Amino acid sequence: MRILIIGGTQFIGRRLVQTLCKQGHEVTVLHRRPGHDLGKKVQNLQADRNNLEQMQKALRGRSFDGAFDLAYDWERGTPSRAVHGAASLLNGNVGRYVYMSSSAAYGDGLNHHEGDALAPEDHPNDYMRNKACSERALFRLHQRHGTPVVTLRPPFVYGPGNPIYREQFFWDRMRDKRPVILPGDGRRLMQFVYVCDLVQACLQALESPNACGHAFNIANARPLTQLEMVEALAKAAGKSGQMVRVPRERIARAGGHPMGPQLYFGFYFDVPPITTIISKAQRVLGFKPTSFEKGLEETYRWYVRNHRRASQDYSFEDSLLERARLAS
C-alpha cells in the first residue's frame, strides 16, 4: 500500500515508519524539513502542516491508500483548521485517514467512553482544545463528504525511543541512588500505552472494515496511581525506588511546575487525571495491550543502551527534600 505519514520523524512516527517498511509498504513522510534519516526507501515531502498553501502544493496530484496524521506543533499548536485542511486536500484521494488525537481531548474526568463529550471550543488548555476541535472537524467531514476518518485517543505513550523526559527522569534518579519526590499522596491516576501497541492500533485502524467514522481509546486497560507507576519503574530497573511524599502546595510555592524548568516528577506527569475505557478498541480493532511491566522491561533495556544522560542539577529537588525532612 501507499502510505502517507504527516509527521513521522519523531517517537510514534519513527516506530510506525519502521513497521510499515518492514511490511513492504511504500511510505512517504511529510514534514517541515527537506530530508530525514528514516532510510532511502522512505519518500520525503516538505511542508509546514499548519500552512495550507504548502500542504496543497506538496499533496497535489498524489493519492494514498492510507494516511496517518501524527504531527503536532508544540510551539505554535496545531489548530483544527490545519487538520481539517489536510483531510480535505486528501478527500477522494485516500483510502483511510487516521488521526492521532489524545485522551486529553476529553478535557477532564475518569472512565471515558468514546461517545462522551469532548473538551469545549473555549477550553483554556490549547492542546486539549485543539485535539477536541480537530476531531469534531474530521467527523463533520466524514458525515458531510464521506471522508474515511478514524481517530485514536491514547493517554501517556511510553516505550523505547521516547524523546520526552519521562521514564528516563525516574531511572536517572534511581541510578544516582536518589529518592523520587512523590507529589501529594501518590494516588493521582495515570494511564499509559506502549508505543508498539499504539502502532499496532494504527495499523488496525487502517485495515479494519468497521473502523471508519469512529474514535477509539487506545490504552492499557487499568490506570495506575503515581505510586504504582514509580514502583513499576523501580522494579523494571531492579532498583529500590525510594520515595518521599511532598505536598503539591509546597512544590508549587517553591516554583515547581509539571512542565519545568523546575521539574519534579517527569515532564507533564503530574496533571489532573483523564482515564478511558478501551472495550470498543478491543472489540472492533482486536486491540490487545502489552502489560505495563513487560513494556517497561523493554524500555529499560533501550534506556541502558541508548539514553545519553545530561548533567543533572538536583538543587531544586534537594530543597524540596530538605523541607520535607524538616517538616517530618
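None of the figures in this text is laboratory data; all of them are computed from the coordinates on show. What you see is a predicted model; the values in this text were computed from it and never measured. We place every Cβ from the backbone using ideal geometry, glycine too, and count neighbours over all the protein chains shown.
Give me the Kirkwood hydrodynamic radius of the range 125-283 in Å, from all C-alpha pairs, to one decimal place?
On the way: mean 1/r = 0.0568 Å⁻¹.
Answer for the range 125-283: a Kirkwood hydrodynamic radius of 17.6 Å.
Run the helix sum for the chain: -39,500 (n - 2.57) per DSSP H stretch of 4+ residues, divided by residue count, reported at 222 nm to the nearest 500 deg cm²/dmol. Working shown, then result.
On the way: 11 runs with 125 residues, N = 328.
Calculated mean residue ellipticity at 222 nm is -11500 deg cm²/dmol.
Which residue fluctuates the most in the chain, going by a Gaussian network model with Cα springs under 10 Å, if the choices are Glu231, Glu75, Glu121?
Glu75
Please build a GNM for the chain, connecting alpha carbons under 10 Å apart, and tell me which residue among Lys40, Lys177, Lys57 fluctuates the most.
Lys40
Just for the chain, what percent of DSSP beta bridges are antiparallel, to the closest 5?
Once the DSSP bridges in the chain are tallied, antiparallel ones form about 5 percent.
Evaluated at 10 °C with a viscosity of 1.306 mPa s, what Stokes-Einstein diffusion coefficient in µm²/s does the range 175-264 have when Rh comes from the Kirkwood expression over alpha-carbon pairs?
So the translational diffusion coefficient is about 100 µm²/s.
Assigning unit charges at the beta carbon (Lys, Arg +1; Asp, Glu -1) and nothing else, what dipole magnitude in debye, to the nearest 20, does the range 2-153 show about its Cα centre?
I would put it at about 680 debye.
Determine the distance separating the Cα centre of the range 60-76 from the Cα centre of the range 168-205; give it in Å without decimals.
First find each Cα centre; the distance between them is then 27 Å.
I'd like the distance separating the alpha-carbon centroids of the range 29-58 and the range 224-284, in whole Å.
A separation of 35 Å, based on Cα centres.
Compute the signed sum of charges (Lys and Arg +1, Asp and Glu -1) over the other residues within less than 12 Å, Cβ to Cβ, of Leu89.
Surrounding charge for Leu89 is +2.
From largest to smallest, what semi-axes in whole angstrom does the chain give when each is the square root of 5 times an eigenvalue of its alpha carbon gyration tensor?
Listed largest to smallest, the semi-axes of the chain are 36, 21, 19 Å.
What does the range 2-153 give for Rg and for Dmax, in Å, if only its C-alpha atoms count?
15.2, 44
Rounded, prolate or oblate: pick one for the range 47-106, where a ≥ b ≥ c are the square roots of the eigenvalues of its C-alpha gyration tensor, a/c under 1.5 means rounded, and failing that, prolate if a/b is larger than b/c, else oblate. Numbers along the way, then the final one.
Details: a/c = 2.39, a/b = 1.32, b/c = 1.81.
Oblate, because a/c is 1.5 or more while a/b does not exceed b/c.
How much net charge surrounds Ser208 when only other residues with a Cβ under 13 Å from its Cβ are counted (Lys, Arg +1; Asp, Glu -1)?
That sum, taken over residues with Cβ under 13 Å, equals +2.
Comparing Tyr99, Tyr194, Tyr165, which has the greatest mean-square fluctuation in the GNM of the chain with Cα pairs linked when under 10 Å apart?
Among Tyr99, Tyr194, Tyr165, the largest GNM mean-square fluctuation belongs to Tyr165.
May I ask you to derive the relative contact order of the range 194-328, considering only C-alpha pairs under 8 Å and at least 6 residues apart, and to give it as an integer percent?
Reported relative contact order: 37 percent.
Within the set of other residues whose C-beta is less than 15 Å from the C-beta of Ala117, count the net charge using Lys and Arg as +1 and Asp and Glu as -1.
In short, -2.
Going down the table (Lys40/Lys288; Lys177/Lys294; Lys22/Lys235), which pairs top 30 Å between alpha carbons?
Correct reply: Lys40/Lys288; Lys22/Lys235.
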